[in-house]
Amino acid sequence: TGVSLSLGLAGCGALTVVGVDVPTMMYNLGHGDLAPLFKFGVAFPLVYHYAAGIRHLYWDHMVKGFSNEEMQSSSVALLLTTTVTSAGIAVAL
């Protein structure tokens, strides 16, 4: 997700360099018919990256959650929580 966020930001920068009005483009994407889809596409990697970072901090400080079962359940919980939160953000904003 970090790479996709970096590529998105670099893409916006490249578009600006070639003369595209990125703020207007983003406004139009955010207010068009597919706006929730575009918003979800931005919210998901941001929320996932942030939440996975919190999980890593927990692992680093508590030194717990490293069995296969715990990894599997925390990964499923992370994915579900991220998806629901991102969908909420996409619809609410």
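General remarks:
- Cβ-Cβ under 6 Å pairs, at least 6 apart or on other chains, region 9-26 side of a type in the set (Ser, Thr, Tyr), far side exposed (fewer than 12 other Cβ atoms within 10 Å of the Cβ): none
- Unique match (being at pLDDT 95 or above and closer than 23 Å to LEU7 by Cβ) among LEU34, LEU78: LEU78
The values are calculated or read from the model by the stated rules, or taken from the named source; none is laboratory data. None of the values given here were measured: they were computed from a predicted structure. Positions of Cβ are backbone-derived with ideal geometry, glycine not excepted, and every protein chain shown enters the neighbour counts.
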